[in-house]
Structure formats: structure tokens, C-alpha cells
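The values are calculated or read from the model by the stated rules, or taken from the named source; none is laboratory data. Worth saying up front: this structure is predicted, and the values here are computed from it rather than measured. Positions of Cβ are backbone-derived with ideal geometry, glycine not excepted, and every protein chain shown enters the neighbour counts. Note: accessible area is taken over every heavy atom of the protein model, side chains too, but ligands, DNA and RNA are not part of it. Shrake-Rupley method; radii C 1.70, N 1.55, O 1.52, S 1.80 Å.
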Amino acid sequence: MNGPLFAEKIKISAFRGITEPLELDFTAPVTLIYAPNGTGKTTFCEAVEWLLTGQVERLREGSSWSDKILRSAFLDGVTPQVEAILRIGEKAHQVWRTPEGAWIDHQSGSPWRAGDILEMFAPTAAAPNKHHRSAISLRQHYLRGTRFLTSEALAALVDNTPGSLERRKDVFADLLGIRHLRDAEQDSEKYANELATSLKILDGRRSTLVAEAEQLRAELK
């Protein structure tokens, strides 16, 4: 199921500060969401991020994640849910996510496995032979980076100071969906720098041994 991922309709219920069901239609070529501060724009983005990735990066506490933080403080005992019609390539799918998990096309039976649903949303974000935990992390990172442009990332794009170059590269890698290649490049540079020190030591030892060998040849003559 390869192809561009588009959200056509989204419905958010009992999610953090959103108490009344909120439905939005994105079938128009361009949709602008404009509202005063404190009215739920960020919460809407968090709901979409949760739908796609199963987490909200901004709300994580260290490496742990709990859906309890998504429950509305104004609705006692009501379960948060995000429902959407997502188009992947030419085919539309209905998707549901609750704290119990996510379903595609039919909200019945056991929830989809996290790795399977992420692979459907971002099949090219991780190599086929990647370990499933690493693949989940890569696909979550890809979906966050390619679907949401934060104010911090936007500020980095318009900052042309030399110190912001690496950050701009990271933002563009996210937008283009090649963050895994950017990470691989950085890892390779780190390993190369670590090897350079070892190679310098080995080269010094080689020079010493060469000198000793020359001295032994001279003595043998």
C-alpha cells in the first residue's frame, strides 16, 4: 500500500482540552486553521500525531509513554478517540485510535500491532530487514517530521546563521522523508572520527616498527 498519505476527514473526541467532538474536513486543496491562542490548535496537532504514531512526542516523560495523559480533565471516565479517513495512494481507509490501540477499516477484533500500522503509514521510512523496534522508532520519527512543522523548525529554516546549518539539514531531512539517511550520515562521521584516532596511533606504531626493521637490516649487513 505505497503512495502519498493524506488526511481527508478527522474527528477528535474527549482528547485533552477537546470535550465536544470536533470534526474537520480536509478534502479541499488547502485548509487553514486559524484561532486565538488557547483554543485547541496545538491539541488538534497532538491528536493527529497520536493517531499516526501512537504517541505525542511533546508529552512524553523521558523514554516512557502513557495514554493517560491524553484523557480530558473535564470528562470523567470518557475514553479519548481519534477517527479519520486517510488516503494512502489511491485507496481511502477509515482509521480509529483509542488507548487500547488502533484499527484500520473495521473497528472490531484485536487492535493492529504498532509495527504493522506504522509500516502501512510509512513503508519506506525503515529498511525491510530493520529490527522491529528500530523500525517503529524510525517510522514514528518520519511521520512526525514529515507531517508537522513546528514553530522551532520553521524558525530554523529562516535562520541563515552558520550555527543553524546542522539544524536546517535536520528539518529538510524530515520534510523530505530521508531522516534515516541523515542519521546514517551522522553516525558514519562519528565512527570515522573515532577510527581516525585509532588509525593515528596504529600509524605511529607502524612507523616505529619500520624504523626498527631498517635498523635490524643495517646491523645484519
(request) Would you mind checking the radius of gyration and Dmax of region 7-61 based on alpha-carbon positions, in Å? (result) 11.7, 37
(request) Please report, to two decimal places, log10 I(q)/I(0) for region 82-144 at q = 0.13 Å⁻¹ as given by the Debye formula with identical point scatterers on the Cα atoms and no solvent. (result) -0.36
(request) Sum up the charges of everything whose Cβ sits under 14 Å from the Cβ of Lys68, counting Lys and Arg as +1 and Asp and Glu as -1, but leave Lys68 out. (result) -1
(request) Can you tell me the relative contact order of region 1-85? Whole percent, Cα pairs under 8 Å, sequence separation 6 or more. (result) 43
(message) For region 39-98, what does the convex hull of the Cα positions come to per residue, in cubic angstrom?
(response) 105
(request) Equivalent ellipsoid semi-axes for region 122-207, as square roots of 5 times the alpha carbon gyration tensor eigenvalues: give them largest first, rounded to whole Å. (result) 31, 21, 7
(request) Express the carbon and sulfur contribution to the solvent-accessible surface of the chain as a percent, rounded to the nearest whole number, probe 1.4 angstrom. (result) 55
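At 1.4 Å probe radius, can you tell me the per residue accessible area of region 82-146 in Å²? Spell out each step's value before the answer.
On the way: 3420 Å² over 65 residues.
Per-residue accessible area for region 82-146 comes out at 53 Å².
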(request) Output the peptides 182-191, 163-172, 80-89 sorted from most to least packed, where packing is the average of other Cβ atoms within 10 Å over each peptide's residues. (result) 80-89, 163-172, 182-191
(message) Quick check: Cα centre of region 1-74 to Cα centre of region 91-157, how many Å?
(response) 14
(message) Under 30 Å between alpha carbons: how many lysine pairs meet that in the chain, if sequence neighbours fewer than 8 apart on the same chain are excluded?
(response) 14
(request) State the answer as a single residue: which of Tyr142, Gln186, Ile104 lies farthest towards the positive end of the charge dipole of the chain, with beta carbon charges of +1 for Lys and Arg and -1 for Asp and Glu, about the Cα centre. (result) Gln186
(message) Given the DSSP H assignment, sum -39500 (n - 2.57) over each helix run of at least 4 residues in the chain and divide by its residue total; what's the result at 222 nm in deg cm²/dmol, nearest 500?
(response) -15000 deg cm²/dmol
(request) Could you run the Debye sum over the Cα atoms of the chain, one equal point scatterer each and no solvent, and tell me log10 of I(q)/I(0) at q = 0.09 Å⁻¹, two decimals? (result) -0.49
(request) Assign unit charges at the C-beta atoms only (+1 for Lys and Arg, -1 for Asp and Glu), then state the dipole size of the chain relative to its Cα centre in Debye, rounded to the nearest 20. (result) 260
(request) Kindly report the accessible area of region 176-221 per residue (heavy atoms of protein chains, probe 1.4 Å, no ligands, DNA or RNA), in Å². (result) 88
(message) Per residue, how large is the accessible surface of region 1-58? Use a 1.4 angstrom probe and give square angstrom.
(response) 61
